[in-house]
Amino acid sequence: MTQLNDLLGQQKRVVSISQYATVRDGAKAMAEANVGCAAIMEGPKLVGLFTERDILKRILLQNLDVDKVTIAEVMTRELICAGALQSANDARVLMERHHIRHLPVLNDDADLLGVLSIRDLVLDQVNEMRNYITMHEG
């Protein structure tokens with residue numbers, strides 16, 4: 001079974017944005033990197049995530065000004081995180097249970113190692129199924 005640290009090497013780089021940046025700047029950085037979320041760091045520690053869902057629910061639906069509102073005002077602060085040695089299957093279940101699309105992966109010191117998306121985990125599951133079928137064909 002795949003562990004999360006195995007998947008981290010296959011992902012895109014983590015985009016990090018200052019919590020004091022405007023929503024427009026954060027959205028622009030995410031769009032340029034073609035990612036659906038950004039890590040909000042305070043020094044070496046993860047303090048929040050800024051996601052596409054935050055933009056939709058907390059900015060657009062409330063008609064807030066993307067040039068005046070800061071990331072700190074709208075980011076997700078209550079984070080669900082996983083450890084690097086956790087299985088991909090357990091992480092997928094965790095994401096489904098909490099209705100989240102992005103999962104920060106931390107080491108034992110609570111340092112951010114990466115952020116996995118539900119897509120990363122579904123693709124891993126598809127690859128495992130494909131490998132299983134290939135091994136048992138015959």
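The values are calculated or read from the model by the stated rules, or taken from the named source; none is laboratory data. All of these numbers come straight from a predicted model, not from anything done at the bench. Cβ coordinates were reconstructed from backbone atoms using ideal geometry, including for glycine residues, and neighbour counts include every protein chain displayed.
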Tell me which residues, restricted to region 41-60, are over 18 Å from C81 (Cα atoms) and β-branched (V, I, T).
I55, I59
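One line per residue, one yes/no per condition, for (1) of a type in the set (D, E); (2) part of a loop (DSSP other than H, G, I, E, B); (3) in contact (Cβ under 8 Å) with a residue 12 or more places away in the chain:
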site: I100; (1), (2), (3): no, yes, yes
site: P104; (1), (2), (3): no, no, yes
site: L112; (1), (2), (3): no, no, yes
site: V115; (1), (2), (3): no, no, yes
site: D120; (1), (2), (3): yes, no, yes
site: Q125; (1), (2), (3): no, no, yes
site: M129; (1), (2), (3): no, no, no
site: I133; (1), (2), (3): no, no, no
Just checking, which of Q125, Q62 is polar (S, T, N, Q) and closer than 26 Å to Y20 by Cα?
Q62
For region 32-49: of the residues being surrounded by fewer than 16 Cβ atoms within 10 Å (Cβ to Cβ) and among the aliphatic types (A, V, I, L, M), which is modelled with the highest pLDDT?
V47
Checking the conditions here, which among V115, V105, V93 is surrounded by fewer than 18 Cβ atoms within 10 Å (Cβ to Cβ) and either hydroxyl-bearing (S, T, Y) or closer than 17 Å to T2 by Cα (or both)?
V93
Scanning region 5-31 residue by residue, those modelled with pLDDT of 95 or more and either outside any loop (DSSP other than H, G, I, E, B) or farther than 28 Å from L64 by Cβ (or both) turn out to be S16, I17, T22, V23, R24, D25, G26, A27, K28, A29, M30, A31
Among residues of region 2-44, those that are under 18 Å from D109 (Cβ atoms) and small (G, A, S), counted
3
Tell me, please, whether a residue that is loosely packed, with under 12 Cβ neighbours inside 10 Å, over 21 Å from Q3 (Cα atoms), at pLDDT 95 or above and not polar (S, T, N, Q) can be found in region 76-83.
yes
Would you check if there is a residue in region 52-70 being buried (at least 18 other Cβ atoms within 10 Å of the Cβ), in contact (Cβ under 8 Å) with a residue 40 or more places away in the chain and either under 26 Å from E128 (Cα atoms) or not polar (S, T, N, Q) (or both)?
no
For region 67-92, give me the residue count where each residue is assigned to a helix (DSSP H, G or I) and basic (K, R).
1
Could you please let me know if K57 is at pLDDT below 95 and either among the small types (G, A, S) or not in a loop (DSSP other than H, G, I, E, B) (or both)?
yes
